[in-house]
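The values are calculated or read from the model by the stated rules, or taken from the named source; none is laboratory data. Since we're looking at a predicted model, the values are computed, not measured. We place every Cβ from the backbone using ideal geometry, glycine too, and count neighbours over all the protein chains shown. Ligands, DNA and RNA are stripped out before the accessible areas are found, and what is left, the full protein with its side chains, is counted by its heavy atoms. Shrake-Rupley method; radii C 1.70, N 1.55, O 1.52, S 1.80 Å.
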Amino acid sequence: MNMELPVLKEFVNQKNVFVAAHRGASGTHPENTIAAYEEALKSGADMIEVDVQMTLDKRIICFHDSQLGRTTRGRKRINQLPYKALRNKDVGTWYDKYFHRERIPTLEDAIDLIKGKAYLNIEIKSRKKEFNKERARRVYEIVKKMDYLEYTLFGSFDHKLLKIMKEHDENIHTAAIKVPTSHLMPSEIKEKTGCEAFVCSIDEVNEEIDRDCKENGIYLGVYSVDNWYEMERIKKYQVKTIVSNFPSTTVPLLYKYFPQKVEF
């Protein structure tokens, strides 16, 4: 691993604002594939966001949906299939025939690629009647085994799950993603979960959320910000993380819309 990469806590304190590549460079490459992650690294994204699901035999794979059908053939749910039935699925052709060789990566595959080059943001999916706690435990175990806890941010819409993870290991970094129907302020969620960051959509962010984050020491993340117009919309807020599908577009715009602060 590149030991010059500071731990996430130090990096966030030092950096004014940075880009997290949403599902990799998902605007130009098939989401949650090695190709998308590699492109995000080339684009200069400081963090790579991945979605994870758990297979029938408890393997953790990088995949957004709870079932097949949108990005690969099939209709079954991920938790009904063993990893061997999924590992050779084509997850690139749906986007473009050029990516026909892309297969579903495991979380280990993603960490192997990213390690020492960028920070990792894992969104842990949570749905009713699924083994959410076990999925979170397996994700945590993998990241710990691969010695990447200090470089990883765990995020979820399931704030109770984040609280459980934080109680298990108070040193991990967590981000609560805003539930669209919830009116809780970031500080209220922090009090309940111990999260350090709050993430919301570009249509949800407002002055009240921004002020609440600033007053309570909460890092603010906004998704998805993909062009100069959307950069213009959020530049008035104290955003720490810009979640983008097009990191090759947004990374070069950072210093124009979010110039480095000058300290005396």
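Summary table
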| item | result |
| --- | --- |
| The range 96-240: radius of gyration and largest Cα-Cα distance (Dmax), Å | 16.5, 49 |
| Helix-only [θ]222 nm of the chain, DSSP H runs n ≥ 4, -39500 (n - 2.57) each, per residue, nearest 500 | -8500 deg cm²/dmol |
| ASP203 accessible area, assembled protein chains, probe 1.4 Å, Å² | 120 Å² |
| Cα gyration tensor shape for the range 56-119, rounded if a/c is under 1.5, else prolate or oblate | oblate |
| Neighbour count of at most 13 Cβ within 10 Å plus DSSP loop: longest GluC sites (Glu not before Pro)-free window in the chain | 5-169 |
| Accessible surface ranking that places the most exposed of TYR255, TYR223, TYR237, TYR148 first, with a 1.4 angstrom probe | TYR255, TYR223, TYR237, TYR148 |
| Overall form of the range 42-165 per C-alpha gyration tensor (a/c, 1.5; a/b vs b/c) | oblate |
| Reciprocal of mean inverse Cα separation for the range 192-264 (Kirkwood radius, Å) | 12.8 Å |
| Amide proton proximity set for VAL19, modelled H, under 5 Å, gap of 5+ | ASP46, MET47, ILE242 |
| Accessible heavy-atom area order of PHE157, PHE18, highest first, probe of 1.4 Å | PHE157, PHE18 |
| Selection from VAL139, PHE11, GLY24 lying farthest towards where the dipole of the range 1-153 points positive, charges on Cβ | VAL139 |
| Value of Rg to Rh for the chain (Rh from inverse mean 1/r over Cα pairs, i.e. Kirkwood) | 0.95 |
| Table column - 3J(HN,Hα) (Hz), the range 87-97, Karplus curve with 6.51, -1.76, 1.60, x for Gly and Pro | 4, 9, 5, 6, 10, x, 5, 4, 8, 6, 4 |
| Of LYS128/LYS235; LYS115/LYS166; LYS89/LYS163; LYS15/LYS58, pairs whose Cα-Cα distance is over 32 Å | LYS128/LYS235; LYS89/LYS163; LYS15/LYS58 |
| Interchain or long-range residues, amide H under 5 Å from LEU81's placed H | LEU56 |
| Amide proton proximity set for LYS76, modelled H, under 5 Å, gap of 5+ | LEU68 |
| Rounded accessible area of LYS192 (nearest 10 Å², 1.4 Å probe) | 120 Å² |
| Given LYS144/LYS178; LYS97/LYS125; LYS76/LYS190; LYS125/LYS240, the pairs whose alpha carbons are separated by over 31 Å | LYS76/LYS190 |
| Local electrostatic count at LYS145 - Lys and Arg +1, Asp and Glu -1, tallied over other residues with Cβ under 11 Å | -1 |
| Percent antiparallel among DSSP beta bridges (both partners in the chain, rounded to 5) | 15 percent |
| Exposure ranking of HIS173, HIS183, HIS168, HIS100 by accessible area [1.4 Å probe, largest first] | HIS183, HIS168, HIS100, HIS173 |
